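Let me begin by presenting the structure, written as structure tokens, before commenting on it.
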Amino acid sequence: MEIRMITEGAKGYFVALDGETEAGRMYFTNAGADKIIIDHTEVDDAFRGQKVGQRILDEVVRFARENGIRIIPLCPFAKSVFDKTEAIRDVLF
């Protein structure tokens, strides 16, 4: 599965692609030069149970670490993963 980042001005999303098929998206909003807010996560019904949301969040965390970005997880899914996974909390704002 490939994860790509798409930006649209101050907003954007990370998209998970299985070949040409979109499996899910995680939307974000820039909050200044060094923070992003994760707003919403959605996964196509055909990909439920395949950890697509987790894969996308892993890529968002990798991106944040590489670019000195902090994350504010307002999305319930992202927040729950941060609450359960201490190893990724270094990027929390």
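Observations on the model:
- For Ile72, the solvent-accessible surface with a 1.4 Å probe is about 40 Å², rounded to the nearest 10.
- Each Cα pair of the chain feeds into the Kirkwood radius, which the Stokes-Einstein equation turns, at 20 °C and 1.002 mPa s, into a diffusion coefficient of 163 µm²/s.
- The range 1-72 - percent of accessible surface contributed by carbon and sulfur, probe 1.4 Å: 44
- Distance between the 7 Å Cα→Cβ label points at Ile6 and Glu22: 0.4 nm.
- Fraction of antiparallel bridges per DSSP, the chain only, in percent to nearest 5: 80
- Cleavage-rule hits (trypsin sites (Lys or Arg not before Pro)) in the range 29-61: DSSP loop, at most 15 neighbouring Cβ within 10 angstrom: Arg48, Lys51
- Residues of type aspartates and glutamates that Lys84 reaches as a straight line, Cα spacing below 20 Å, ignoring anything fewer than 8 places off in the same chain: Asp39, Glu42, Asp58, Glu59
- Highest-fluctuation residue, Phe28, Phe47, Phe82 considered, GNM on the chain with Cα pairs under 10 Å: Phe47
- Computed about the Cα centre, the dipole magnitude for the chain is approximately 360 debye when only Lys and Arg (+1) and Asp and Glu (-1) carry charge, each at its Cβ.
- With every protein chain in place and a 1.4 angstrom probe, the accessible-area ranking of Glu20, Glu66, Glu2, Glu59, largest first, reads Glu20, Glu66, Glu2, Glu59.
- Relative contact order, percent, the chain [alpha-carbon distance under 8 Å, six or more residues apart]: 22
- Phi-based couplings in Hz for the range 32-37 (Karplus 6.51, -1.76, 1.60; Gly and Pro marked x): x, 6, 10, 9, 10, 9
- Theoretical gain in end-to-end length, Ala87 to Ala33 [0.36 nm per residue, Cα-Cα removed]: 17.1 nm
- Dipole axis of the chain (+1 Lys, Arg; -1 Asp, Glu on Cβ), positive-most option in Val61, Thr41, Thr85: Thr85
- Solvent-accessible area per residue in the chain equals 58 Å², computed with a 1.4 angstrom probe and all protein chains kept.
- Under 5 Å, built H, 5+ apart or other chain: amide partners of Gly24: Ala16, Asp44
The values are calculated or read from the model by the stated rules, or taken from the named source; none is laboratory data. Keep in mind that this is a model prediction, so the values were computed, not measured. Positions of Cβ are backbone-derived with ideal geometry, glycine not excepted, and every protein chain shown enters the neighbour counts. Just so you know, the surface numbers come from the protein's heavy atoms only, side chains and all, with ligands and any DNA or RNA stripped out. Shrake-Rupley method; radii C 1.70, N 1.55, O 1.52, S 1.80 Å.
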